[in-house]
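The next block holds one structure in the form of structure tokens; read it before the comments.
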Amino acid sequence: MKKTNENKIPVYVVVSDKGGTGKSTIAGHCLPVLLHLKYPEKKIKVYELDNSNTTNYINSTLVQFKSFKNKDEESKQAIYNIDFDALTSPDTISIIDVAGSDETYEVLERLQTVGLNNLTYFVPMCKDYEQLINTQNTIKGIKKCDPMGNINLILNKCSSLDVNAIKKEFIAIFGDESIGIPPANNLDYHDLFFIKDCNDYSILKSFHQLTLLDAYIYGKDLLDNLVKYKMEWQKDRDQYIQNLQKVEFARRIVTTVEELKPLIKAL
């Protein structure tokens, strides 16, 4: 475990050399809403650096998304812009969604090259035991390029947020004496967080084309002013019923954000 960085740079890096761990979900959905809650007046930019990028957020009014391929010169320019914002724009927060495989280490080295260090990192992993090696290698890569970086391990796609259930799922981290698997005591990270498996992220991205932040702002307003809205809806039965269905989804979104709030500690 490591000491918290006192001079925090407003750059958050979501990284793992393993694909499919939920990096884009964390970078595009989870962190923006939590950063907005903690720093409501600041601008949030999300940079996806991935040669095979497919992320397509369309209707966000609160988050600016930019996608670049690492093999292109534009990716380097993106890092230069992130560095410039970190130095000159205290009202701007940058989130970097880093591709897996060898691209992971290319991006980490580029951040080091421009002098972006003391950053906050989020390393997600799922319950598959083989992902332990990927997590170990990713953390080693971060520490090589940014020794003072603040590394947070995220156990992602948990079936529940019950700690005992999580320990049974993530035996790669907590071990299982009954089958001779020791806990992973050699992982050097600052803090550990859990994110529950949730289909709403996919629904927001693919169907509604919204971020969790945009949906949360809408849903929170809907729930906080429900009496007023119901008075407006009662003029039409079909509209009333349709809007009550939106209320149900809004409650799900607000609950999802509440479950994410422990991560604010790392921001």
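Being in contact with a helix residue (DSSP H, G or I) (Cβ under 8 Å, 6 or more places away or on another chain) and closer than 27 Å to Gly28 by Cβ narrows it down to one of Lys220, Lys265, Lys230, so name that one.
Numbers: Lys265 fails: in contact with a helix residue (DSSP H, G or I) (Cβ under 8 Å, 6 or more places away or on another chain); Lys230 fails: closer than 27 Å to Gly28 by Cβ.
Step by step, each of Lys220, Lys265, Lys230 is checked, and only Lys220 is in contact with a helix residue (DSSP H, G or I) (Cβ under 8 Å, 6 or more places away or on another chain) and closer than 27 Å to Gly28 by Cβ.
Of everything in the stretch 45-80 that is in a strand (DSSP E or B) and of a type in the set (Ser, Thr, Tyr), the residue that is modelled with the highest pLDDT is Tyr47. The set of residues in the stretch 28-44 that are modelled with pLDDT of 95 or more, within 19 Å of Asn81 (Cβ to Cβ) and surrounded by 24 or more Cβ atoms within 10 Å (Cβ to Cβ) comprises Leu31, Pro32. There is no residue in the stretch 62-79 that is within 20 Å of Gly149 (Cβ to Cβ) and touching a residue at least 40 places away in the same chain (Cβ under 8 Å).
If I ask for residues that are without any contact (Cβ under 8 Å) to a residue 60 or more places away in the chain and within 25 Å of Pro40 (Cα to Cα), which ones from the stretch 209-227 would you list? Spell out the reasoning first.
Of the stretch 209-227, the ones without any contact (Cβ under 8 Å) to a residue 60 or more places away in the chain are 215, 218-227.
Selection gives Ala215, Tyr218, Gly219, Lys220, Asp221, Leu222, Leu223, Asp224, Asn225, Leu226.
Annotation note: Cβ proximity below 6 Å between a residue of the stretch 231-245 that is more than 18 Å from Tyr218 (Cα to Cα) and a residue that is among the hydroxyl-bearing types (Ser, Thr, Tyr) (sequence gap 6+ or interchain) occurs for Gln234/Tyr240.
Leu153 - would you say it is surrounded by 20 or more Cβ atoms within 10 Å (Cβ to Cβ) and not charged (D, E, K, R)? Write out each step before concluding.
Details: surrounded by 20 or more Cβ atoms within 10 Å (Cβ to Cβ): yes; not charged (D, E, K, R): yes.
Considered against the rule, which asks whether it is surrounded by 20 or more Cβ atoms within 10 Å (Cβ to Cβ) and not charged (D, E, K, R), Leu153 comes out as yes.
Residues of the stretch 195-248 that are surrounded by fewer than 17 Cβ atoms within 10 Å (Cβ to Cβ), among the aromatic types (Phe, Trp, Tyr) and under 24 Å from Cys158 (Cα atoms): Phe207 alone. Screening the stretch 143-160 for residues that are in contact with a Leu (Cβ under 8 Å, 6 or more places away or on another chain) and polar (S, T, N, Q) and picking the one that is farthest from Leu260 (Cα to Cα) gives Asn150. So, in the stretch 103-121, of the ones that are touching a residue at least 60 places away in the same chain (Cβ under 8 Å) and either out of contact with any Cys (no Cβ under 9 Å at 6 or more places or on another chain) or on the phi > 0 side of the Ramachandran plot (or both), which residue ends up surrounded by the fewest Cβ atoms within 10 Å (Cβ to Cβ)? Filtering first and then ranking leaves Asn118.
Just need a number here: residues in the stretch 250-267 that are within 19 Å of Asn225 (Cβ to Cβ) and touching a residue at least 40 places away in the same chain (Cβ under 8 Å).
Filtering the stretch 250-267 down to residues within 19 Å of Asn225 (Cβ to Cβ) leaves 250-255, 257-258.
From what is left, the residues that are touching a residue at least 40 places away in the same chain (Cβ under 8 Å) are 252-253, 257.
Counting residues in the stretch 250-267 that are within 19 Å of Asn225 (Cβ to Cβ) and touching a residue at least 40 places away in the same chain (Cβ under 8 Å) gives 3.
Scan Asp97, Asp85 and give me the residue that is in contact (Cβ under 8 Å) with a residue 40 or more places away in the chain, under 25 Å from Leu263 (Cα atoms) and out of contact with any helix residue (DSSP H, G or I) (no Cβ under 8 Å at 6 or more places or on another chain).
On the way: Asp97 fails: out of contact with any helix residue (DSSP H, G or I) (no Cβ under 8 Å at 6 or more places or on another chain).
Going through Asp97, Asp85 in turn, just one is in contact (Cβ under 8 Å) with a residue 40 or more places away in the chain, under 25 Å from Leu263 (Cα atoms) and out of contact with any helix residue (DSSP H, G or I) (no Cβ under 8 Å at 6 or more places or on another chain): Asp85.
Of everything listed in (1) assigned to a loop (DSSP other than H, G, I, E, B); (2) farther than 30 Å from Ile166 by Cβ, the single unmet condition for Glu232 is (1). Residues that are more than 28 Å from Gln136 (Cβ to Cβ), within 16 Å of the chain's Cα centre (by Cα) and at pLDDT 95 or above: does the stretch 91-109 have at least one? Looking through the stretch 91-109, at least one residue is more than 28 Å from Gln136 (Cβ to Cβ), within 16 Å of the chain's Cα centre (by Cα) and at pLDDT 95 or above.
When the stretch 182-191 is examined, which residues are found to be in contact (Cβ under 8 Å) with a residue 24 or more places away in the chain and either over 23 Å from the mean Cα position of the chain (by Cα) or surrounded by 14 or more Cβ atoms within 10 Å (Cβ to Cβ) (or both)? Full working, then the answer.
So the first thing to find is which residues in the stretch 182-191 are in contact (Cβ under 8 Å) with a residue 24 or more places away in the chain, and the list is 184, 186-191.
Once the filter is applied, which keeps residues that are in contact (Cβ under 8 Å) with a residue 24 or more places away in the chain and either over 23 Å from the mean Cα position of the chain (by Cα) or surrounded by 14 or more Cβ atoms within 10 Å (Cβ to Cβ) (or both), the stretch 182-191 yields Ala184, Asn186, Leu187, Tyr189, His190, Asp191.
The values are calculated or read from the model by the stated rules, or taken from the named source; none is laboratory data. Please read these numbers as outputs of a predicted model, since none were measured by experiment. Glycine gets a Cβ as well: all are built from the backbone with ideal geometry, and neighbour counts include every protein chain shown.
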